[in-house]
1. To one decimal place, what orientation-averaged projected area in nm² is obtained for the convex hull of the Cα set of the stretch 5-68?
2. For a quick check of your reading of the filter: which chymotrypsin sites (Phe, Trp or Tyr not before Pro) in the stretch 101-174 sit in a DSSP loop and have no more than 16 other Cβ atoms within 10 Å?
3. State the antiparallel share, in %, of DSSP beta bridges confined to the chain, rounding to the nearest 5.
4. What number comes out for the charge environment of Q158, summing +1 per Lys or Arg and -1 per Asp or Glu over other residues with Cβ under 14 Å away?
5. Based on DSSP H runs of at least 4 residues, each adding -39500 (n - 2.57), what is the mean residue ellipticity at 222 nm of the chain after dividing by all its residues, to the nearest 500 deg cm²/dmol?
Amino acid sequence: MRFDLTDMRLFLTVVERGSLTKGAESMNLALASVSERISGMESSLGAQLLERNRRGVTTTPAGDALVRHARLILDQVEQMRGELRSYGTGLRGRIRLLSNTAGLAAFLPPRLGRFLVAYPDLSIDLYERPSAEIARAILEGRADLGIVAYHTGLAALQTHVIAQDQLVAVVSETHRISDHQSIAFADVVDEPFVGVADAALEAYLGERAARLGRQIYYRIQLRRIENIAMMIESGVGIAILPEASAKDVSHLGLTIVPLRDSWALRQLHLCARDFSALTPHAGLLAQQLMEPKVAIS
């Protein structure tokens, strides 16, 4: 087997973006180079990893298996780097924390800031992941704590409800739904979207669109909420965001319309394999995050 960590990152990027072209753009590589690397992986493994079609790519059963193993390997490499950095910098403890988009949008920043100030010898490795992937990582021991949405299968984990998160549609003041009190996702899923680049929320919305037999059309995806707001105000498209993120830019001439689907009001859970078995420093962080339960708004 002759492929390396770069090949695995490239493969995951192609799968997550849904096409070789978008994967190449994300990795700043030529399309021909990406295609050659994927073909080389398939040749090395002796199995087809991707099904190519006019709409992009989908994984084969062998590709699904590689996705699972590649994520595990890359997460372990990041964990190793984090632990080794702690030796070089003299840090006395690191906590591995994974969070979905909603947790990162408003819940975590102030609490993590207070925690790090209170415990100057501790550091946190924080990564954004989809909720389902976070649950798997906790079960496999690749992270200490995770913040996930209620829809994730959590039966094998210990959990504590820490917040509620409302998803909203953000539109321009002249948009056709700007005067609505609420809206169903099905009524806006065919609109052109402005998305958050590389956010776990997009995977969640994509899954909900697929259940309706639809696919979200992103005209552009950006990293900064302020830039997304500018695109919405200009009429480029709409966005679906956690309410807290939307309120940060509501002064820019935008309208916030809550989604009335039951899945759009999400409970956020703090999860661990066993809270009583956490390391002392991870236990301290868990205590801070569990008090008190809040609404993200």
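Values quoted throughout were computed directly from the atomic coordinates according to the rules given, and no laboratory measurement underlies them. Everything quoted here is computed from the prediction, not taken from an experiment. Note that each Cβ is placed from the backbone with ideal geometry, even for glycine, and that neighbours are counted across all protein chains shown.
1. With the hull built on Cα positions only, its mean projection is 3.8 nm².
2. Those that pass, being in a loop and sparsely packed, are Y150.
3. Details: 25 of 45 bridges.
Counting only bridges with both partners in the chain, antiparallel ones make up about 55 percent.
4. On the way: positive: R273; negative: D144, D274.
Net of charged neighbours comes to -1.
5. Taking each H run of at least 4 residues, the total per residue is -13000 deg cm²/dmol.
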